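Trainee: Please see the structure below; I have some questions.
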Amino acid sequence: MGSLAQRMGSAAAGRNDSTMGTDEAIPDEARGGQRTVLVVDDDAIIRDVVVRYLEREGFKTLQAGDGLTARDLIEGNERELALVVLDLMLPAIDGLELCRWIRSRGELPVIMLTARSDETDRIVGLELGADDYVGKPFSPRELTARVRSVLRRSRRAPEPAGGGPAGGARLQFGEMELDPVAHRVTRAGRELRLTAREFDLLEFFARNPGAVFSRDQLMARVWGYETGFDTGTVSVHVRRLREKIETDPSEPRHLQTVWGVGYRFTP
């Protein structure tokens, strides 16, 4: 942890004159708009660098160095919080347990911070409902871009790839109804609990029925990340989505795999 903190601190210091200390124009829609982000990491240097970058982008921030403090801050600021940046290696309550607790309470977006080699923890975190992850060591600029992307996708419906319904029209398929305005999905009248990213993925598929999308295409269209980014994230979200929308996830009716290509949605 110490060496990572030193690398992040020196990198931020090296960029201080060219980025942190300037007033370069950033579009209003790209700024945080005073939305509040909780940064949870037991390394004070990492927290400080992340917080400075987020605040420079217009976000309000809260900080916690352990899981217990983070839980108290979430409970005390539930109506204000827009997102949690969460390190997995924490004292008191680890990040995976805290992520599970957050998801049990609602759909507050979570971005995990993980060591690049910790694939198992990353996959478990995504399966617990984290919306995204960033591997350490990371660029603070990349992290702030991920924060904006997750929040943007949680507020705005994905555009159809071509020919599909757009706008706020409700989408119906089988026993399910998707309401993009209310950000709500029901099956046979019962509401399904989806994370913000699961909702985005389902809506994108529902607006483009019959079309086959590769994992790279889904990362670009739903996550907003460039081709070549780790597509294991897509596989985890597809699996979680099947568990929630399919009668038999092992034999999916709606969200089908096209082997060697990607995924296709059949209403």
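Read the figures in this text as sums done on the coordinates, not as results from a lab. Keep in mind that this is a model prediction, so the values were computed, not measured. Using ideal geometry, Cβ is built from the backbone for each residue, glycine included, and neighbour counts are taken over all protein chains shown.
Trainee: Return the FRET efficiency for the residue pair residue 79, residue 235: r is the Cβ-Cβ distance, R0 is 22 Å, and the value is rounded to the nearest 0.05.
Mentor: The value I calculate is 0.05.
Trainee: Mind computing the radius of gyration and Dmax over the alpha-carbon atoms of the range 181-267? Å is fine for both.
Mentor: Considering the range 181-267 through its Cα atoms, Rg and Dmax are 12.5, 39 Å.
Trainee: Let's test the formula: R0 of 22 Å, r as the Cβ-Cβ distance of residue 187 and residue 266. What FRET efficiency results, to the nearest 0.05?
Mentor: The computed FRET efficiency comes out at 0.90.
Trainee: Oh, and also: So, in nm, how far is label residue 244 from label residue 55 when the simple model puts each one 7 Å beyond its Cα toward the Cβ?
Mentor: 3.4 nm
Trainee: Rounded to the nearest 0.05, what FRET efficiency is calculated for residue 220 and residue 72 with R0 set to 41 Å and r the Cβ-Cβ distance?
Mentor: Once rounded, the FRET efficiency stands at 0.60.
Trainee: More than 19 Å apart: what percent of Cα pairs in the range 28-118 qualify?
Mentor: 35 percent
Trainee: 5 Å is the cut-off here: which amide hydrogens, built 1.01 Å from N in the peptide plane, fall below it relative to residue 134, excluding neighbours closer than 5 in sequence?
Mentor: Long-range HN contacts for residue 134: 112, 113, 114.
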